[in-house]
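Worksheet: one structure, shown below.
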Amino acid sequence: MALGHLEDLVEAEAPEDERGSQKRSRSNSQKSKLSQQYAAAQDPSEPAVSLYESDSGNYSNRIFGYLAIAPASRASDEFIQSSQSTNSVSSAIKELLATLRDASKAHRSLYLKANILHRDISENNIIITNPEESGGFAGMLIDLDLANVLGSGRSGARHQIGTMEFMAIEVLQGVDHTYRHDLESFFYVLI
């Protein structure tokens, strides 16, 4: 369907007020009538774009999922403030290392058991948790929105994946993202 034809439909449907100018709002019945006219004017010989067909080419399938949990963590800026105010820098370093250890274990488990590659390891995606409230874990890996299930084809990404400051050098050079690149990102979080 031509864009000009759609604009003609919109102009034909827009009511005029007493001064002759078009109103900006439409009633629900006007919106419904316009959408029916638009649907009727589409060319049936053109295939419809589908989000569910893998061969449509216009979109890649993405699955949105989330888990809502009670906050069991501290923000990284709170960690920095608490480590500066404490006399024991060594306990702050131990807490940071335990957090990175547990986050890297979670990353390994995602990769080996679920074939999921995180691809966005950064300081914002590793949270510091209280082991007493989080099943004994000092750190968690969050934010799997850029993760890729291995062997599922395209990731849906149109550009480089990850937080720039923590991306592996080869990924910045355009090499496909691998498990090793996520490990390199863990290293950048540490330093």
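Give the stretch 142-155 a look and list any residue that's of a type outside the set (S, T, N, Q) and open to solvent by less than 30 Å² (accessible area, probe 1.4 Å), or say none. 147 - this is the single residue of the stretch 142-155 that is of a type outside the set (S, T, N, Q) and open to solvent by less than 30 Å² (accessible area, probe 1.4 Å).
In this structure, does residue 115 turn out to be surrounded by fewer than 16 Cβ atoms within 10 Å (Cβ to Cβ), under 24 Å from residue 64 (Cβ atoms), free of Cβ contacts under 8 Å to residues at least 60 places away in the same chain and touching a strand residue (DSSP E or B) at 6+ places or on another chain (Cβ under 7 Å)?
yes
Among the residues of the stretch 119-137, the ones that are open to solvent by less than 30 Å² (accessible area, probe 1.4 Å), at pLDDT below 90 and part of a loop (DSSP other than H, G, I, E, B) come to 1 in all.
Restricting attention to the stretch 155-171, the residues being at pLDDT below 90, of a type in the set (Val, Ile, Thr) and within 12 Å of residue 117 (Cβ to Cβ) number 1. Taking the stated definitions as given, is residue 139 in contact (Cβ under 8 Å) with a residue 40 or more places away in the chain and either among the small types (Gly, Ala, Ser) or under 27 Å from residue 98 (Cβ atoms) (or both)? When the stated conditions are applied, residue 139 passes them.
Out of all the residues in the stretch 173-185, is one or more closer than 20 Å to residue 64 by Cα and open to solvent by less than 40 Å² (accessible area, probe 1.4 Å)? No, there is no match, as no residue in the stretch 173-185 is closer than 20 Å to residue 64 by Cα and open to solvent by less than 40 Å² (accessible area, probe 1.4 Å).
Anything in the stretch 101-118 that is part of a strand (DSSP E or B) and more than 17 Å from residue 187 (Cα to Cα)? List them, or say none. Hit for the stretch 101-118 is 116, nothing else. Among all positions in the stretch 99-109, there is at least one residue which is surrounded by fewer than 18 Cβ atoms within 10 Å (Cβ to Cβ), of a type in the set (A, V, I, L, M, F, W, C) and without any contact (Cβ under 8 Å) to a residue 40 or more places away in the chain.
The values are calculated or read from the model by the stated rules, or taken from the named source; none is laboratory data. These figures come from a predicted structure and were not determined experimentally. Here Cβ is always computed from backbone atoms with ideal geometry, including for glycine, and neighbour counts include all displayed protein chains. Side chains are part of the model used for accessible areas, which takes the heavy atoms of the whole protein and leaves out ligands, DNA and RNA. Shrake-Rupley method; radii C 1.70, N 1.55, O 1.52, S 1.80 Å.
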